[in-house]
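The values are calculated or read from the model by the stated rules, or taken from the named source; none is laboratory data. Note that this is a predicted model, so its numbers are computed, not measured. Heads up, the Cβs are rebuilt from the backbone with ideal geometry, glycines too, and the neighbour counts pull from every protein chain shown. The area values use the complete protein model at the heavy-atom level, side chains included, leaving out ligands, DNA and RNA. Shrake-Rupley method; radii C 1.70, N 1.55, O 1.52, S 1.80 Å.
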Amino acid sequence: QVQVVESGGDSVQAGGSLRLSCVVSPGYIHGHTYRAWFRQAPGKEREGVATISYGGDTLYADSVKGRFTISRDNPKNTIYLQMNSLKPDDTALYYCAVGRALAIDELWYKDWGHGTQVTVSA
């Protein structure tokens, strides 16, 4: 059983920062070594935010590029999303996912967490 657990969501003011964490167990899953963050706001489609390979290659959505940073600590089986300069449009339920490619298309991802809520107020 693959377990994916996000944490770190909170309510912040615009311009603030948050760091989300995601623990994946087991840490290494053969064929599914990529990790990603997605988000979904009420009434909107889920969208990819950022993805990272086992070795640290990254890909970001244009909407967060320059503001968000995805990273991972493989010995801790943990993925992070550092979010800076937060905007109200960043308000969403943020999901961590396990997948097969450096892509922010959800079709590549198999296992998902239940999400952590980020709310950004003006």
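Taking only protein heavy atoms and a 1.4 Å probe, what accessible area per residue, in Å², does the chain have with all protein chains in place? Present the calculation step by step, with values, prior to reporting the outcome.
On the way: 6440 Å² over 122 residues.
Result: 53 Å² of accessible area for each residue.
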Cleavage-rule hits, GluC sites (Glu not before Pro), region 33-109, DSSP coil, Cβ neighbours within 10 Å at most 13: E45
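Report the extension gain between L107 and I29 in nm, rounded to one decimal, defined as 0.36 nm multiplied by the number of residues separating them, less their alpha carbon distance. It would help to have the intermediate numbers written out before the result.
Values: separation 78, 0.36 × 78 = 28.08 nm, distance 1.73 nm.
Computed gain between L107 and I29 is 26.4 nm.
Between A41 and S85, what's the calculated FRET efficiency when r is the beta-carbon distance and R0 is 22 Å? Round to 0.05.
Working: r = 18 Å, r/R0 = 0.82.
Rounded to the nearest 0.05, the efficiency is 0.75.
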Paramagnetic reach from N77 in region 3-17 [backbone N under 20 Å; point 7 Å along Cα→Cβ]: 3-8
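Within the P(r) computed for the chain, what percentage of the Cα pairs occupies the region above 24 Å?
The calculated P(r) of the chain puts 18 percent of pairs beyond 24 Å.
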Surface accessible to a 1.4 Å probe, V4 within the full protein complex, Å²: 10
Peptide ranges 82-93, 58-69 listed from the most packed, as the mean C-beta count within 10 angstrom indicates: 82-93, 58-69
